[in-house]
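Working notes, structure below.
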Amino acid sequence: MFNLANPQYLYAFALIPILIVIYIITKRIRKKQIEIFGEEEILSKVMPLVSTRRPNLKFILLIIALSLVIFSISRPQFGSKLKEVKTEGVEIIIALDVSNSMLAQDIKPNRLEKAKRSISKLLDNLHNDKIGLIVFAGKAYTQVPITTDYSATKMFLSSINTDFIPVQGTAIGEAIRLGIKSFGPENESKKVLIIITDGENHEDNPLQAAVEAKEKGILVYTIGMGDNRGVPIPIVGSSDYRKDNNNNVIITKLNENMLIDIANAGGGIYIRANNFRTGLSKLYDEIEKLDKTELEAYVYSDYEDVFQYIIFLALMIILFDFLILERKNRKLEKLKLFNLRL
């Protein structure tokens with residue numbers, strides 16, 4: 001497992017483009033100054049040992065060496081083995097609606113994108129809790145099994161869109177039942193299932209599923225995305241809106257009553273999202289008040305530093321850069337090694 005012990009030093013890479021810009025500007029100024037004395041072709045005959053390519057090569061080598069040094073001080077490491085650690089936290093599974101209605105723009109930029117950004121912010125604040133991710137439309141699928149790997153979860157989260165599930169609809173009940181299975185019956189930790197949707201359930205009976213979850217010790221919270229006044233659903237890449245079989249524009253509304261009933265049946269609470277907040281952080285504050293239980297997780301340990309090898313490579317490049325003279329060497333020029341003219 002790869003790891004950076006001091007990732008904050010990677011910000012030093014911002015120096016690289018600055019140095020490149022300074023070098024280019026300096027080269028142009030120098031070229032203009034030389035042009036005062038005559039044309040470049042004539043001056044090259046007068047000064048045959050002056051090389052125009054070697055300074056560029058030396059600068060490139062210097063940039064490579066500097067990049068390696070910056071990367072090395074961030075202390076790259078490789079984990080050699082896994083170990084079991086025990087922490088106190090809560091198991092959370094988020095079920096995210098990815099049906100076409102989540103593209104409605106009553107919440108900017110749209111319901112789905114707003115929800116994804118809020119989940120990402122939540123992941124930044126998690127520490128010892130476990131997280132899982134389910135996506136659902138007409139069917140429900142596990143996107144991320146319950147884990148403590150927040151970085152991997154964010155990576156999968158960023159790729160989610162409405163094309164993930166070909167079967168359209170909003171099967172909230174199926175998502176809840178999949179969440180029940182995803183926790184696992186053998187774990188006695190606190191379990192929370194958060195449903196993020198506009199509540200337009202078309203497929204099953206989510207209230208019964210929420211009752212089943214509560215009976216198994218799983219609290220079901222709901223977050224309503226959208227406006228109950230109704231808005232059209234835009235077609236991605238077009239200025240038009242989705243229409244039904246009669247060519248009428250489809251209007252999607254937040255089914256708030258349904259989501260309130262689901263939360264009540266599941267022993268949780270309901271929060272309505274808006275353009276300023278989704279309510280996910282507020283829900284997490286409520287979850288934090290729950291009694292924490294011991295969680296088991298596996299993490300990489302015994303990390304081995306490899307920065308010394310990168311430093312050695314950087315030193316070799318610097319040495320090679322030092323050996324390259326900016327002026328041509330008469331003796332080496334006669335050898336014409338590899339027919340290169342430096």
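Listed residues 79, 38, 89; which is under 25 Å from the mean Cα position of the chain (by Cα), over 30 Å from residue 306 (Cβ atoms) and at pLDDT below 85? Explain how you work it out, then say what you get.
Details: 79 fails: over 30 Å from residue 306 (Cβ atoms); 38 fails: under 25 Å from the mean Cα position of the chain (by Cα).
Answer to the selection: 89.
Taking the condition more than 30 Å from residue 116 (Cα to Cα), in a helix (DSSP H, G or I), of a type in the set (A, V, I, L, M, F, W, C) and at pLDDT below 80, does residue 312 pass?
Judged against the criteria, residue 312 is not a match.
What is the residue count in the stretch 99-125 for residues that are of a type outside the set (Lys, Arg), within 15 Å of the chain's Cα centre (by Cα) and either closer than 12 Å to residue 157 by Cα or buried (at least 16 other Cβ atoms within 10 Å of the Cβ) (or both)?
Number satisfying all stated conditions: 7.
Can residue 199 be described as buried (at least 19 other Cβ atoms within 10 Å of the Cβ) and at pLDDT below 90? Before the answer, list the steps.
Values: buried (at least 19 other Cβ atoms within 10 Å of the Cβ): yes; at pLDDT below 90: yes.
Criteria met by residue 199.
I'd like to check something: does the stretch 245-258 contain any residue that is among the basic types (Lys, Arg), under 28 Å from the mean Cα position of the chain (by Cα), under 23 Å from residue 271 (Cα atoms) and at pLDDT 90 or above? Don't jump to the end; show me each part of the working.
Start the filter on the stretch 245-258 by keeping residues that are among the basic types (Lys, Arg), which leaves 253.
Still in the running and under 28 Å from the mean Cα position of the chain (by Cα): none.
No, the conditions are met nowhere in the stretch 245-258.
Mind checking whether some residue in the stretch 239-251 is among the basic types (Lys, Arg) and surrounded by fewer than 16 Cβ atoms within 10 Å (Cβ to Cβ)?
Keep residues of the stretch 239-251 that are among the basic types (Lys, Arg), which gives 242-243.
Add one more test, that the residue is surrounded by fewer than 16 Cβ atoms within 10 Å (Cβ to Cβ), and what stays is 243.
Within the stretch 239-251, one or more residues are among the basic types (Lys, Arg) and surrounded by fewer than 16 Cβ atoms within 10 Å (Cβ to Cβ).
Looking at the stretch 1-35, which of the residues that are closer than 15 Å to residue 73 by Cα and polar (S, T, N, Q) is modelled with the lowest pLDDT?
Taking the candidates together, the pick is 3.
The values are calculated or read from the model by the stated rules, or taken from the named source; none is laboratory data. None of the values given here were measured: they were computed from a predicted structure. FYI the Cβ positions are ideal-geometry reconstructions off the backbone, even for glycines, and counts take in every protein chain you see.
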